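This report refers to the structure that appears directly beneath it.
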Amino acid sequence: MARERDSFPRIPEQINGIGELAYNLWWSWHPSARMLYKNLSRVAWKESVHNPVKMLRDLPEDVYTSALQDDPEYISRYSAIMNRFRSEMDDNESWFSREVDGASRQPIAYFSAEYGLHRSLPFYAGGLGFLAGDYLKECSDLGIPLVAVGFMYPEGYILQRMREDGWQQNVDDVLDRDSAPITRVLGADGTQLVIEVPFIQPSIHVAVWKVQVGRVPLFLMDTDIEENDPWNRSISSHLYSGDTEQRLRQEIVLGIGGSEVLNALGIRHSIAHLNEGHAAFVLLERIRERVAGGMSFPEASEYVRNTTVFTTHTPVPAGNEIFPFSLVEKYFNSYYPLLGLDRDAFFRLGIHPDEPAAGFNMTAFALRLSRYHNAVSRRHGEVSRRMWQGLWPGLPEKDVPIGHITNGVHIPTWIEPKMGAPAGQVSRQ
């Protein structure tokens, strides 16, 4: 993995750990860790929009000297926080390691099109992304073995401003990769790891980045690289492209490309968790790998089904992704034979029985090839069972196997720090 801690040469040796900490989002839900940066320079902390990587890159050396001279307790607070950080990064001290006896150490692989982690990483559009971000943080706190996969969108989703005439205006807010808490993942030759999305033509390549979220690594894919043709470089530019074919290409890269990233890193996972249907093509790649290993399609699909969790979010039919069969055929005509399927059998995996001619339905596809399904609230579970009852003909609505897990939040991220501050220390937060 890339280690870019040396990018802060002006940090004094006695507090050089703040450079390491800046690249782990653990600081984002620990107020005492954020105060290490804020106490160096409140002005610089504000100007960086609470992004320690950007702040430390721009901070003059004399600021460190002044802060350490003016605040004699800084070193002791620094030592306490770094000790806590390194202790919490030890998997052997986690809830999971204490409470789950003999559990498999192969991680859960979590796939999502967006992650809401911090404003310095604009890879989110709304609730789905913040659920994913909070999920990673909570798994880190509990020590649940998890690895996550997504996209690094250099132009984010949309950034809105109000014009002088009162109308909304969408503006570009291009991510400065070198001033964000992300690092390049390096290959064996010491250069950034680039993988080719397998079995899909024309070829698509992705560069791999990493965000460390406490104990949890999040690997992000970036198609804006020289190895790609110009029309492929923009696949990961924006979250949720409005162009149907570009959306399909994004979802191919997320599912099949994301699986290849984990393989290239030597990460074998025991369970796949899909956050909405955008990542459903990961199921195809999991099946293909087992068919290549000698299983039949029914055997491979049953194995994958029994080791897949699917969270559905969208409670209206129009919000579920449907691609024209002709477009799916364009990209998968050489892929589905690798599964041992013909064209019609492959298409049937994505047909909603209530609308068989509508196209390849990503949610129907994900529900068919996963065993464990959950909505995100009790009421949403009721709506989802009604929406997707046709996939289980003969079952009464109440028995449709879609449960619910009501959305929660990662409390340390969202609670006001002053609420937990001891009396007399509120002014320091």
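Since every read-out is calculated from the coordinates, none of them should be taken as a lab result. Only a predicted model underlies this, so the values are computations on that prediction, with no experimental measurement involved. Cβ sites come from the backbone with ideal geometry, for glycine too, and all protein chains shown count toward neighbours.
A compact table of results
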{"quantity": "Packing rank of 256-262, 303-309, where each peptide gets the mean count of other beta carbons within 10 Å, highest leading", "calculated": "256-262, 303-309"}
{"quantity": "Ordering of 372-384, 226-238 by packing [mean C-beta count within 10 Å, highest first]", "calculated": "372-384, 226-238"}
{"quantity": "Within the chain, percent of DSSP bridges classed antiparallel, to nearest 5", "calculated": "45 percent"}
{"quantity": "Kirkwood hydrodynamic radius (C-alpha pairs) into Stokes-Einstein, the chain, 25 °C and 0.890 mPa s, D in µm²/s", "calculated": "105 µm²/s"}
{"quantity": "The range 78-203: relative contact order as a whole-number percent, Cα under 8 Å and 6+ apart", "calculated": "19 percent"}
{"quantity": "Hull volume in cubic angstrom per residue (convex hull over the Cα atoms of the range 217-296)", "calculated": "131 Å³"}
{"quantity": "Gain on full stretching of the segment that runs from Q106 to E299 - 0.36 nm per residue minus C-alpha separation", "calculated": "67.3 nm"}
{"quantity": "Under 21 Å from the Cα of K54 - lysines, other chains or at least 8 residues apart", "calculated": "K38, K46, K210"}
{"quantity": "Karplus (6.51, -1.76, 1.60) ³J(HN,Hα), θ = phi - 60°, over the range 395-404, in Hz, Gly and Pro reported as x", "calculated": "8, x, 3, 5, 9, 4, x, 10, x, 8"}
{"quantity": "Base-10 log of normalised Debye intensity for the range 5-89 (one unit scatterer per alpha-carbon) at q = 0.16, 0.21 Å⁻¹", "calculated": "-0.54, -0.99"}
{"quantity": "Those trypsin sites (Lys or Arg not before Pro) in the range 39-112 that DSSP places in a loop and that have at most 16 other beta carbons within 10 Å", "calculated": "R105"}
{"quantity": "Protection proxy ranking, peptides 333-346, 118-131, average beta carbon neighbours within 10 Å, highest first", "calculated": "118-131, 333-346"}
{"quantity": "Mean Kyte hydropathy of 0.0 or more with a Cα span along the axis of at least 27 Å, helices from DSSP in the chain", "calculated": "none"}
{"quantity": "For H404, distant residues with modelled amide H under 5 Å away", "calculated": "A375"}
{"quantity": "Loop-located chymotrypsin sites (Phe, Trp or Tyr not before Pro) in the range 165-222, at most 11 other Cβ atoms within 10 Å (DSSP)", "calculated": "W167"}
{"quantity": "The chain - mean residue ellipticity at 222 nm from DSSP helices (-39,500 (n - 2.57) per run, n ≥ 4, rounded to 500)", "calculated": "-9500 deg cm²/dmol"}
{"quantity": "The range 60-101 - convex hull of alpha carbons, volume per residue in Å³", "calculated": "68 Å³"}
